[in-house]
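> Below: one structure in structure tokens.
All of the numbers you see were taken from the coordinates with simple rules; none came from a lab. Everything quoted here is computed from the prediction, not taken from an experiment. All Cβ positions, glycine included, derive from the backbone under ideal geometry; neighbour counts span all protein chains shown.
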């Protein structure tokens, strides 16, 4: 796997045994560290669980973004009205409001991805139980520092075994 500078990246995954609250923080901090390495992101506005009340405004905003995109796509003929607007919602990570929507929903969605060109650099799925991403050494150090500041052990992440 390569990162945004085409240097080898280290693949990390969410380790077992974290509390749900810590898993949420790990998802969000990983996404924050990777924000500038992602040029395209999308998420599904579905969860296997009930959306927590704190993220409902972001959920509503995601659905609004989806409806807006679907209206444009139907008008230009690239999608039919039958398309599920809650799937594959495009998120502009450069836009602070849209990035906040992604950050809020990532720990709970059935699927969210971030790409750099055609390379996957971030993947969260299964309503918070699965997280995979690739980082540079500097990004990994920044992330582990952030997690330590939050009281989350560095064992919250494990190197992906191939």
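> Going from the alpha-carbon gyration tensor of the chain, what semi-axes, largest first and in whole Å, does one get by taking the root of 5 times each eigenvalue?
Details: eigenvalues 151, 68, 33 Å².
In descending order, the three semi-axes are 28, 18, 13 Å.
> Another question, if that's okay. Sort 154-160, 23-29, 62-68 by packing, meaning the average of other beta carbons within 10 Å per residue, with the highest value first.
By packing density, highest mean first, the sequence is 23-29, 62-68, 154-160.
> So what is the relative contact order of the chain, in percent, for Cα pairs below 8 Å that sit 6 or more residues apart?
Relative contact order for the chain comes out at 38 percent.
> Of 103, 123, 47, which has the largest mean-square fluctuation in a 10 Å C-alpha GNM of the chain?
47
> Using only Cα atoms, locate the centre of the range 12-43 and the centre of the range 121-158, then give the distance between them in Å, rounded to an integer.
Comparing the Cα centres of the range 12-43 and the range 121-158, I get a distance of 6 Å.
> Applying 1/(1 + (r/R0)^6) with R0 = 41 Å to the Cβ-Cβ distance of residue 154 and residue 90, what FRET efficiency is obtained, to the nearest 0.05?
Efficiency at R0 = 41 Å is approximately 0.80.
> To the nearest 500 deg cm²/dmol, what mean residue ellipticity at 222 nm is calculated for the chain from DSSP H runs of n ≥ 4 alone, each contributing -39,500 (n - 2.57), summed and divided by the residues?
Calculated at 222 nm, the ellipticity per residue is -12000 deg cm²/dmol.
> Which angle from 0 to 90°, rounded to the nearest 10, does the C-alpha axis of helix 137-149 make with the longest principal axis of the chain?
Orientation of helix 137-149: about 90 degrees from the principal axis.
> Still on this structure, I have one more. Say each of residue 56 and residue 16 gets a label point 7 Å from the Cα, pointing the same way as Cα to Cβ; how far apart are those two points in nm?
In this crude label model, residue 56 to residue 16 measures out at 3.5 nm.
> For residue 161 and residue 39, FRET efficiency with R0 = 25 Å and r from the beta-carbon atoms, rounded to 0.05?
Numbers: r = 28 Å, r/R0 = 1.11.
With R0 = 25 Å, the Cβ-Cβ based efficiency is 0.35.
> Give me the number: length gained by fully extending residue 49 to residue 137, i.e. 0.36 nm times residue separation minus the C-alpha to C-alpha distance, one decimal in nm.
Values: separation 88, 0.36 × 88 = 31.68 nm, distance 3.41 nm.
Roughly 28.3 nm would be gained on extension.
> On C-alpha positions alone, give me the angle between the axis of helix 20-34 and the longest principal axis of the chain, in degrees, nearest 10.
Around 80 degrees separate the two axes.
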